[in-house]
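Here is the structure we will look at, set down as structure tokens.
What follows draws every value from the coordinates through simple rules; no lab data is involved. Values in this document were obtained by computation on a predicted structure and should not be read as measured data. Every residue, glycine as well, gets a Cβ built from its backbone with ideal geometry; the counts of neighbours run over all protein chains shown.
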Amino acid sequence: MAASGTLLVLFLFAHAAGNLKIFVGEADFDHYAHWLREIGVPLLPSGWFLWIQRFGMLLAIGLHIWAATVLTIRAKKARPVKYSHRPKIQGSYAARTMRWGGVIIALFVIYHILDLTTGHLNPVGGDTEPSARVIADFAPSHWYVTLFYVVAVVAVGFHLRHGIWSAVRTMGQQTSKGERRAKAIALALSVILVAMYLSVPFAVTLGLVG
Amino acid sequence: MDIKVRVWRQSGPSAGGKMVTYDVKGISPDASFLEMIDVLNETLILNGDDPIAFDHDCREGICGACSMVINGVAHGPEKATTTCQLHMRKFSDGDVIDVEPWRAAAFPVIKDLVVDRSAFDKIIQAGGYITVPTGTAPDAHATPVPKKDADAAFEAATCIGCGACVAACPNGSSMLFTAAKITHLGLMPQGQPERDSRVIDMLQAQDDAGFGGCTNAGECTTVCPKGIPLSLIGRLNSDYRKAITKR
Ligand code: HEM
Ligand code: SF4
Ligand code: FES
């Protein structure tokens with residue numbers, strides 16, 4: 001969980017930073033999207049790096065989901081009879097929503113790729129440039145798409161708030177002071193990431209971009 | 001105080017069980033939770049009913065025998081307190097209180113609220129010991145231990161093996177218990193020879209016993225009557241990583 005999750009977090013930050021290019025200008029954003037396909041050229045043929053990176057991501061996502069599934073099955077087996085008085089959540093809310101949060105994020109990623117990468121579910125889709133798709137997605141009339149993005153990104157925020165800290169603990173973090181520090185850093189990183197991601201749809205909806 | 005309790009009744013390990021409601025009248029707010037059950041049991045016996053079976057021994061919060069999930073919280077609403085040290089003044093007149101046993105596959109119900117916690121003994125047998133020469137007891141100061149380590153080891157050693165951590169864990173994991181033992185023994189010079197094999201063997205024993213895997217959810221430490229901190233699980237993880245990379 002910790003190793004595959006760390007790779008996913010690195011991707012999330014790189015992706016969020018790339019998205020911010022839309023504030024520089026739509027042409028720059030599209031240029032960035034095309035550049036993604038050219039990374040590694042001429043060492044690698046065009047598009048190869050992107051595909052290598054995609055396979056790496058798929059592997060990380062696969063391992064992450066596999067480990068989560070094993071843990072969930074073990075947890076179900078470890079408590080065959082449920083409490084009739086449902087236990088109160090005493091620890092953190094973020095920690096107790098990891099499983100459903102993860103499922104929501106996975107569904108979002110599928111929708112998101114069909115929307116912005118392949119364009120199938122995008123209002124404009126087809127041969128349009130990435131910036132045109134983003135702008136079409138988050139137009140005020142498409143508020144429900146924007147809402148879904150917001151919910152998904154906030155779910156990612158909760159997931160990382162517990163996930164980043166938990167990964168640090170799994171790697172052996174063991175002092176109480178370090179625990180407070182790791183929790184604060186996890187919260188800060190999650191808030192920053194959510195803000196980076198949400199800035200794009202909000203800017204489009206409010207007409208600041210496009 | 002007049003209250004109602006809904007208690008898990010199960011006549012034997014393989015019998016089905018259900019929650020049964022009882023009225024308990026005229027209980028002193030200064031009675032402990034177990035004394036309240038004692039009073040209820042006396043009425044049940046006088047009526048010719050089977051009294052509620054529950055574990056208890058010291059009744060002073062040091063043995064780890066008592067074990068009830070009260071309104072969904074292991075050892076009840078008061079923090080850092082065993083069920084035997086919980087008093088009825090923490091509840092209000094007219095309350096309906098749900099009482100259930102620890103719920104875990106590794107802790108099967110024997111009867112009513114009594115569960116079999118010998119899975120913890122299996123974990124201890126796998127590595128929760130040190131090897132010492134027998135004979136006369138060594139002088140207490142024969143092996144110096146830094147004060148800081150002695151204090152931290154002592155804090156971990158306050159774990160009474162009650163199993164509340166397992167009962168509260170959404171994964172049914174015993175990681176906090178095992179981490180307390182790993183820390184307690186691993187901080188002492190006497191615990192070093194078996195340090196690597198201890199963590200590997202105890203984790204294996206806990207998996208074999210049917211406990212779930214830890215996801216750092218942190219529910220355990222909030223119910224632990226001894227306040228064993230979650231950070232000890234980080235120490236266990238670190239010991240485990242070192243032990244498997246050495247192999
Ligand atoms: C509101 C914020 C977001 C915006 C505006 C956005 C935008 C985009 C765009 C334009 C692409 C297509 C890039 C291209 O084809 O060149 C893309 C791809 C992708 N995004 Fe996002 N994204 C956002 C949030 C997220 C989040 C939260 C996740 C993960 C949980 C995510 C995961 C992905 C993945 C996995 C791809 C596919 C990469 C590939 O084609 O290999 N995105 N995103
Ligand atoms: S760690 Fe705490 S809750 Fe778990 S067995 Fe020890 S004393 Fe009980
Ligand atoms: S009866 Fe000994 S700790 Fe409660």
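Rounded to the nearest 0.05, what FRET efficiency do residue B:192 and residue B:59 give with R0 = 41 Å and r taken as the Cβ-Cβ distance? Could you check? The partial results should precede the final answer.
Numbers: r = 37 Å, r/R0 = 0.90.
With a Förster radius of 41 Å, E is 0.65.
Where Rh is the Kirkwood radius over the Cα pairs of segment A:2-205, the temperature 25 °C and the viscosity 0.890 mPa s, what D in µm²/s does Stokes-Einstein return? Mind showing how you got there, number by number?
Working: Rh = 19.0 Å.
The calculation lands on 129 µm²/s.
Whole Å is fine, so just give me how far the alpha carbon centre of segment B:123-177 lies from that of segment B:189-247.
The distance from the Cα centre of segment B:123-177 to that of segment B:189-247 comes to 11 Å.
Tell me, what HN-Hα J-couplings in whole Hz come from the Karplus equation 6.51 cos²θ - 1.76 cosθ + 1.60 at θ = phi - 60° for each residue of segment B:234-240, using x for Gly and Pro?
With the stated coefficients, segment B:234-240 comes to x, 5, 4, 4, 5, 4, 5 Hz.
Can you give the Rg and Dmax of segment A:168-210 based on its C-alpha atoms, in angstrom?
16.4, 49
How well do other chains shield peptide A:176-182, expressed as the mean number of their Cβ atoms within 10 Å of each residue Cβ? Intermediate results must be reported in sequence, preceding the final value.
Working: counts 4, 1, 2, 4, 1, 0, 1.
Mean shielding count: 2.
Once you wrap a convex hull around the alpha carbon atoms of the protein assembly as shown, what is its projected area averaged over all directions, in nm²?
Working: hull surface 118.2 nm².
For the Cα atoms of the protein assembly as shown, the hull's average projected area reads 29.5 nm².
Would you calculate, for chain A, the mean residue ellipticity at 222 nm contributed by helices, counting each DSSP H stretch of 4 or more residues as -39,500 (n - 2.57) and dividing by all residues, to the nearest 500?
Values: 8 runs with 147 residues, N = 210.
Theoretical 222 nm ellipticity from helices: -24000 deg cm²/dmol.
Work out the FRET efficiency for residue B:95 and residue B:246 from their Cβ-Cβ distance, taking R0 = 45 Å, and round it to the nearest 0.05. Intermediate values should be presented prior to the final figure.
Numbers: r = 54 Å, r/R0 = 1.20.
Efficiency computed from Cβ-Cβ geometry: 0.25.
Dividing the Cα radius of gyration by the Kirkwood radius, what Rg/Rh value follows for segment B:3-110? Spell out each step's value before the answer.
Working: Rg = 13.4 Å, Rh = 14.3 Å.
Using only Cα positions, Rg/Rh for segment B:3-110 is 0.93.
Which log10 I(q)/I(0) values does chain B give at q = 0.13, 0.16 Å⁻¹ under the Debye formula, counting every alpha carbon as one identical point scatterer?
Each listed q corresponds, in turn, to -0.83, -1.12.
Taking only Cα atoms and a 10 Å spring cutoff, compute GNM fluctuations for chain B and point out the largest among B:146, B:51, B:77.
B:146
Report the full-extension gain for the segment residue A:66 to residue A:88: residue separation times 0.36 nm, less the Cα-Cα distance, to one decimal in nm. Walk me through the numbers before you get to the answer.
Values: separation 22, 0.36 × 22 = 7.92 nm, distance 2.78 nm.
So the extension gain works out to 5.1 nm.
Sort out for me the Cα centre separation of segment A:101-120 from segment B:78-108, rounded to whole Å.
Between the Cα centre of segment A:101-120 and that of segment B:78-108, the gap is 44 Å.
If you rank A:34, B:87 by fewest surrounding Cβ atoms within 10 Å, what's the result? Intermediate results must be reported in sequence, preceding the final value.
Working: A:34 12, B:87 17.
The fewest-first ordering by Cβ neighbours comes to A:34, B:87.
Using 19 Å as the cut-off for backbone N distance, which residues of segment B:78-102 belong to the label zone defined by a point 7 Å from the Cα of residue B:21 along Cα→Cβ?
B:92-100
Assuming R0 = 41 Å, can you tell me the calculated FRET efficiency for the pair residue B:35 and residue B:125, based on Cβ-Cβ distance, to the nearest 0.05?
Numbers: r = 35 Å, r/R0 = 0.84.
Efficiency, rounded to the nearest 0.05: 0.75.
Determine the distance separating the Cα centre of segment A:75-93 from the Cα centre of segment B:2-63; give it in Å without decimals.
23
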